[in-house]
Amino acid sequence: MPALTFTGRTKKVNASSSSNLYSHPEKALEEHMINVADIAQQNLRQSPANFPGQITRDRLFRLIKTCGLLHDLGKATGFFQRYLFASEEEKKNLKSMEETHHGLLSAVACFFAANAEFEQDEDLKGDDRSFLSFIAFLTVKRHHGNLEDIVDEAVLNDKEQVLMAQIESIDEKKLTILNTALKQNGLKQDITVENLKKWVMNLSGELRSIRRKLRGLGRSRRLDPYLITNYLFSLLIDADKSEVSTGKVLERNDANLDSSIVDKYKESMNFKDTFLNKLRQKAYNEVVYSPLDLEKRVYSINLPTGLGKTLTSLAFALKLRKEVHAKKGFFPRIIYSLPFLSIIEQNAGEFEKVLKAGGLDVDTSLLLKHHHLSEYTYKKDDEVYEPDDAKILIEGWNSEIIVTTFVQLFHALLSNKNKNLRKFHRLSGSIIILDEVQSIPFKYWLLVREILKTLIEQMDSYVVFVTATEPMIFSREEVFPLTDRKKYFNVMDRVVIKPEITRDISVEEFAESIEINDGRSYLFILNTIRSAKTFYNLLKQKAGEKEVAFLSTHVVPFERLRRIEKMRDGRVSIAVTTQLVEAGVDIDFNVVYRDLAPLDSINQSAGRCNRNWGKKGEVIVVSLKDEKRLYSSYIYDDVLLDMTRRILQKKEIIEEKDFLELIESYYREMQDKKSSDRSRELLSAVYSMKYTSVDETPCISDFKLIDEDYPKLDVFIELNDEAEEIWQDYIRIKEIKNIIKRRLAFSQIKADFYKYTVSIPMNVANLPPEVANFRYVNRNSLKDYYDEDTGFRCEGVTALW
C-alpha cells in the first residue's frame, strides 16, 4: 500500500519578512492564515460539491480563500498578542476581556474583503453578493464556537467601541508586513488600520440591510443556503484545526479498493454449500454484478435478516466507488453508519478482515471507527500519531472507509455545533450507507428525506439503504432497488410468528406458562429492565442447572459482550434480554418470545431466530402488563402498538414469506396515521437557518436523533481488577490541572472506562456516592449496588431500557 503522506504548498514565513505577530506560540500569524486558506482550498478541490445558481465553484474557492486568509486577523491586536505570551495567571484575567477575543474583528475584515473579491463579478446579483459576504462574516465570527440564529448574527450589538479599541492597539508597521504577505497570497483588499476603522463604522448599516433580507429567508423553502453555509463553515474549521495539528492536508489513501477484495474474503472463509449460503451468494451476485447507472443516487438492499447484507453492501459501495472514479475522476469516501454502538465493533471487525484478505495493510487512513467512545489512536504504516493529532484526524474523518453511528452522521448534517459540523464537508462526494435504517424515528423521516435529497443533488453523494424492513423514507419511485426483494422473502421458511396477544398477562403468569425443553434454545425479549429482571429471576428457578444469561443496559458493557459471545457460540441456550439485541447482534435461537412491540421491532426480533435455517423457529408474541399498564406502553407509541396488534390478530400463524407484505402495509398505515409535524418544524428552522432560539420556537439545535426517555446518570462499576486499574488512572487524570491536557488524557482511557459504566435513572432509590465528579461503586460496595447477574440494583423506579 502506498504510504500516507502530507501534501500541499503550505508555507513557512521567512523570519526577516515576518510581521512578528503570532497566531499561536512559535507560529507566525501570516503563516497560519495562509496555510489555513491553502488547506481549505485543497479540501474543496477534493470535493465535487456544486451548488445551484450563482454560487459557482470558482466563487466558493475565492470565498474560502478569503475566509482562510483573514479568519484570525483579530489576533493581530495588542490585546491578543499580550494574552498569547502572558503567564497562566495573567491569561485567566485577560481571557475574560472582550478586547482579547478575535472572532468579530476578523469577521468584519472578512465581510468587506469578500465584498471586494466579488465587486467585479458583474453577473453576480446584489443579493447573492451580500449573501456570500455575510456567510463569510458568519463563518469567521463563529469559527471557534457554534452557529446561532442567522438573523441575530446580523447585528453588532454595540460592539463598535470594543472593535475600535482593538484596532487602536494594532502595531501599524507589523500590520503592513502582514498585509503584504496576505496580498501576495491572493487577498484583494488592503488590510490597514484606516480601512478597519472605516469598516467598523459602515458595518451596522450593511448588516441592517442584510438582516431585512434574512428575515424572509424561510419563505423560499430552499435548503441550499443552509448547505452552503455549513459547507464553508466546515471547510474553515477543519482547515484551522488541521493546520495547528498536522500542518497540512493528508493525502488520500489510494489503496486498490474494489469489490474483488470481498470476493477474496468470501473464498477464504470456505462457507459451507448450504441452501442459505447459496441464497446469500445469489443476492450478493445480483447486487454486485448488475450494471451501474451513476444517475441513480438512492439505492436499497432490502433482504431478509441473515442474508449477508453487511458484506453485500460493502462490496456494492466499493464497486460504486470505483465506477465514480472512472467516470467522474474522484474517489468517494464510504461512510457506513449504524444505529447502535454494539454492532460497530462487529461490523468494523468484519471490514478489517475483508481488507486484509485483499492483501491490504489496514491502518486508520483506510478504515476508521468513530463514535463518542472512540480511542484517539491514528496509525499510518508504522507511525502512531500523538493523541492530540490523532483526535484531529479521527474527528475530521480522515479515512477512506468510516464506520460510525447514526448520531455522528445525522448530527453532522443537522446541528449548530462546531464539533459536529466540522465533518460536514466530508459528506460531499461520499457513499453513505444507512444500515438498519428502520431505526430512524418516523417523526424525522420527512426531514431526513429532504436533507439527504438535497445533499446528494448538490454535493454529488450517494445513499444506500440496508434493511430487512425497508421504511418508506423515500418513495419507492425515488429508490433504486438492488435486489428483487420479493424473490428472497418468498422462499424464506425459517421461522413463524405466533401472536398470543388476545389476553394481557403478568410477568408471573408468563413465567409460569413457559416450558423449557432440552435440545432447544430460548431467547426472551422484554420491554423494560424491571420486567426483564423479574422474569429472569422467575425463569432461573424453572431452568434448574441450565445457565440463563441476562442482558440489559444495567449490565456493564464488558460483561454484556462476554455474554453475547457465549450466546453466539452456543454455550448459553437460554437468555433474557431487553431490546438491545434486536438490530444486528449476530445471535441465533430456536424459540424467541417477544413482548408486544411495533411490527418492525418484532421483525427484527425474528432475525435472532433460526438465522442459519436449522429446525423451524418460532417467534411468540405476548402482551405483558404490570399493575397499572402494558409494559409496551412505557416504551412505544400507542398508535404503532394498536396498528401492530390489529395486524397480528388477523392470523394465528404468520409465515416468514408473508413478513414483507405485512411490513409494507404497516408502513403505509404509519404514513397515514403518524404525524410529520416535527420534521416540518425542523425543516422550517433549516430553511430560515435558525440554528438557535431564545424562546420555544423550534430551531436546528433542537434536533436530537435519540430522545432521552428519562434523566440518567452514569455510574462506574469497579467490577474486577481491570476496572480497579482504570479507576485509579481516572483519579490520576483528574489531578491534571490543565483542562486541555486532562481531557486529552481521559480520551485515551475513555473506551476502557465506559466498558465498566452503566447509565441509571436519576431518581434511583440507592444512588451511589460521587467521587471525583463521577458516581462510583467500589469493589467493597458491589453487593449493595450491583448484582452479578442482572446488573445495577435499581430498586424503586421503573427502569425502561
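The values are calculated or read from the model by the stated rules, or taken from the named source; none is laboratory data. The model shown is predicted, which means the values in this text are computed figures rather than measured ones. As a convention, Cβ positions derive from the backbone with ideal geometry for all residues, glycine included, and neighbour counts pool all protein chains shown.
For Lys322, the conditions (1) in contact with an Asp or Glu (Cβ under 6 Å, 6 or more places away or on another chain); (2) under 30 Å from Val496 (Cβ atoms) all hold with the exception of (2).
What do you reckon, is Ser365 touching a residue at least 12 places away in the same chain (Cβ under 8 Å) and closer than 27 Å to Thr246 by Cβ?
Details: touching a residue at least 12 places away in the same chain (Cβ under 8 Å): yes; closer than 27 Å to Thr246 by Cβ: yes.
Taking the combined requirement at face value, the residue satisfies it.
Exactly one residue among Ile440, Ile456, Ile501 is modelled with pLDDT of 95 or more and over 22 Å from Asp293 (Cα atoms), and that residue is Ile501. Is it fair to say Phe331 is surrounded by fewer than 21 Cβ atoms within 10 Å (Cβ to Cβ), in contact with a Gly (Cβ under 9 Å, 6 or more places away or on another chain) and more than 27 Å from Trp613 (Cα to Cα)? Spelling it out, Phe331 is indeed surrounded by fewer than 21 Cβ atoms within 10 Å (Cβ to Cβ), in contact with a Gly (Cβ under 9 Å, 6 or more places away or on another chain) and more than 27 Å from Trp613 (Cα to Cα).
Scan segment 320-374 residue by residue and report those that are farther than 30 Å from Gln579 by Cα, of a type in the set (Val, Ile, Thr) and out of contact with any Leu (no Cβ under 6 Å at 6 or more places or on another chain). Before the answer, list the steps.
In the first step, residues of segment 320-374 are kept if they are farther than 30 Å from Gln579 by Cα; the result is 320-333, 355-366.
Checking which are of a type in the set (Val, Ile, Thr) leaves us with 324, 362, 364.
Matches in segment 320-374: Val324, Thr364.
When segment 289-325 is limited to residues that are assigned to a helix (DSSP H, G or I) and at pLDDT below 95, the one that is surrounded by the most Cβ atoms within 10 Å (Cβ to Cβ) turns out to be Lys309. Of the residues examined, Ser260 is one that is over 30 Å from Glu450 (Cβ atoms), touching a residue at least 24 places away in the same chain (Cβ under 8 Å), among the small types (Gly, Ala, Ser) and surrounded by fewer than 23 Cβ atoms within 10 Å (Cβ to Cβ). Filtering Ser601, Ser605, Ser552 for residues that are closer than 21 Å to Leu373 by Cα and among the hydroxyl-bearing types (Ser, Thr, Tyr) leaves a single hit, Ser552.
Considering segment 476-490, and only residues there that are within 19 Å of Pro291 (Cα to Cα) and touching a helix residue (DSSP H, G or I) at 6+ places or on another chain (Cβ under 6 Å), the residue that is surrounded by the most Cβ atoms within 10 Å (Cβ to Cβ) turns out to be Leu482.
So that you can scan it fast, the table gives a plain yes or no per residue for (1) touching a strand residue (DSSP E or B) at 6+ places or on another chain (Cβ under 6 Å); (2) within 30 Å of Leu132 (Cα to Cα); (3) of a type in the set (Lys, Arg):
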{"residue": "Leu232", "(1), (2), (3)": "no, yes, no"}
{"residue": "Gly247", "(1), (2), (3)": "no, yes, no"}
{"residue": "Ala255", "(1), (2), (3)": "no, no, no"}
{"residue": "Lys264", "(1), (2), (3)": "no, no, yes"}
{"residue": "Lys282", "(1), (2), (3)": "no, no, yes"}
{"residue": "Tyr299", "(1), (2), (3)": "yes, no, no"}
{"residue": "Leu303", "(1), (2), (3)": "no, no, no"}
{"residue": "Gly306", "(1), (2), (3)": "no, no, no"}
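Number of residues in segment 656-692 that are modelled with pLDDT of 95 or more, of a type outside the set (Lys, Arg) and over 18 Å from Gln438 (Cα atoms) equals 12. Hey, can you tell me all the residues within segment 676-697 that are in a loop (DSSP other than H, G, I, E, B) and crowded, with 19+ Cβ neighbours inside 10 Å? Residues satisfying the conditions are Met689, Lys690, Tyr691.
Of the helices (runs of 4 or more DSSP H) lying entirely inside segment 53-155, those containing at least 3 residues that are buried (at least 23 other Cβ atoms within 10 Å of the Cβ) and aliphatic (A, V, I, L, M) are 57-70, 103-118, 126-141.
Considering only residues that are farther than 20 Å from Glu386 by Cα and in a helix (DSSP H, G or I), which ones fall in segment 733-752? Selection gives Lys734 alone.
When segment 421-463 is filtered for residues that are over 16 Å from the mean Cα position of the chain (by Cα) and part of a strand (DSSP E or B), only Tyr462 remains. Taken together, Arg563, Arg571 contain a single residue that is free of Cβ contacts under 8 Å to residues at least 40 places away in the same chain, closer than 21 Å to Tyr785 by Cβ and surrounded by fewer than 24 Cβ atoms within 10 Å (Cβ to Cβ), which is Arg563.
Number of residues in segment 332-373 that are in contact with a helix residue (DSSP H, G or I) (Cβ under 6 Å, 6 or more places away or on another chain), part of a loop (DSSP other than H, G, I, E, B) and over 22 Å from Val463 (Cα atoms) equals 3.
Only a single criterion out of (1) more than 30 Å from His32 (Cβ to Cβ); (2) part of a helix (DSSP H, G or I); (3) in contact with a Leu (Cβ under 9 Å, 6 or more places away or on another chain) is not satisfied by Ser242, namely (1).
Table: residues versus (1) in the same structural domain as Thr310 (by TED's automatic domain parsing); (2) at pLDDT 90 or above; (3) assigned to a loop (DSSP other than H, G, I, E, B); (4) buried (at least 22 other Cβ atoms within 10 Å of the Cβ).
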site: Thr377; (1), (2), (3), (4): yes, no, yes, no
site: Asp389; (1), (2), (3), (4): yes, no, no, no
site: Ala412; (1), (2), (3), (4): yes, yes, no, yes
site: Asn416; (1), (2), (3), (4): yes, yes, yes, yes
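Here Ala113, Ala76 are screened, and the one residue that is over 14 Å from Ile170 (Cβ atoms) and either in contact (Cβ under 8 Å) with a residue 40 or more places away in the chain or not basic (Lys, Arg) (or both) is Ala113.
Could you say whether any residue in segment 99-106 is at pLDDT 95 or above, in contact with a strand residue (DSSP E or B) (Cβ under 8 Å, 6 or more places away or on another chain) and under 26 Å from Lys27 (Cβ atoms)?
no
Each residue in segment 733-788 was checked for being surrounded by 12 or more Cβ atoms within 10 Å (Cβ to Cβ), among the basic types (Lys, Arg) and closer than 28 Å to Arg562 by Cβ, and 4 pass. Of the residues Glu652, Glu681, the single one that is more than 19 Å from Asn603 (Cα to Cα) and either outside the structural domain of Thr502 (by TED's automatic domain parsing) or acidic (Asp, Glu) (or both) is Glu681. Scanning segment 413-438 for residues that are of a type in the set (A, V, I, L, M) and either more than 19 Å from Cys699 (Cα to Cα) or touching a strand residue (DSSP E or B) at 6+ places or on another chain (Cβ under 9 Å) (or both) yields Leu427, Ile431, Ile432, Ile433, Leu434, Val437.
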